[in-house]
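The values are calculated or read from the model by the stated rules, or taken from the named source; none is laboratory data. Remember, it's a predicted structure, so these values are computed and weren't measured experimentally. Here the Cβ is made from the backbone with ideal geometry for all residues, glycine too, and neighbour counts use every protein chain on show. Side chains are part of the model used for accessible areas, which takes the heavy atoms of the whole protein and leaves out ligands, DNA and RNA. Shrake-Rupley method; radii C 1.70, N 1.55, O 1.52, S 1.80 Å.
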Amino acid sequence: MEVESVGGEIIISEKRYSERNLQLITGKKDISLHTMDIPEEMLLLSEAIEDPKKLPYLLETFHTAQIKNEKAFHFALLRVQVDSDIRMHEDIQKYQQRKYVAETLEKLLYGELMLSVGENSGLEDD
């Protein structure tokens, strides 16, 4: 896998990804040390939050994907939701769309939202 970093973007196998989005998704501030270890599903998530209009075409891919680390992927979705809520004032449409992507994927893959408002959230350990 060929990796290159250019002005806020990381090129992995000839595809461009936002460095900031990869940091958010992986939870790693210094993403340059981890670019070779980013699983395919995390790169796909980055594509979906960078361009939410791709989500309808990626739903089946996500649904049938073999996710290497379910817990890490679930936390990636949560980080996108939290980041979107925090940054909503910067660009409401952009961050609402990003949050929608993360919530839709969480419902598709896990059946419910961990950060749901109301009765019980899925954060409790039973």
The number of residues in the range 30-51 that are more than 22 Å from residue 99 (Cβ to Cβ) and surrounded by fewer than 17 Cβ atoms within 10 Å (Cβ to Cβ) is 7
For the range 1-16, pairs from a residue that is within 16 Å of residue 37 (Cβ to Cβ) and modelled with pLDDT of 85 or more to a residue that is part of a loop (DSSP other than H, G, I, E, B) and open to solvent by 90 Å² or more (accessible area, probe 1.4 Å), with Cβ under 7 Å and 6 or more apart or across chains, are 12/1
Within the range 55-70, the residues that are open to solvent by less than 40 Å² (accessible area, probe 1.4 Å) and closer than 14 Å to residue 104 by Cα are 55, 58, 62
Residue in the range 96-109 that is open to solvent by 50 Å² or more (accessible area, probe 1.4 Å) and not in a helix (DSSP H, G or I) present: no
*asked:* Given the condition among the basic types (Lys, Arg), free of Cβ contacts under 8 Å to residues at least 60 places away in the same chain and either touching a strand residue (DSSP E or B) at 6+ places or on another chain (Cβ under 9 Å) or not in a helix (DSSP H, G or I) (or both), answer yes or no: does some residue in the range 41-55 qualify?
replied: no
Taking the range 24-40 and keeping only residues that are outside any helix (DSSP H, G or I) and touching a residue at least 24 places away in the same chain (Cβ under 8 Å), one is left with 27, 38, 39
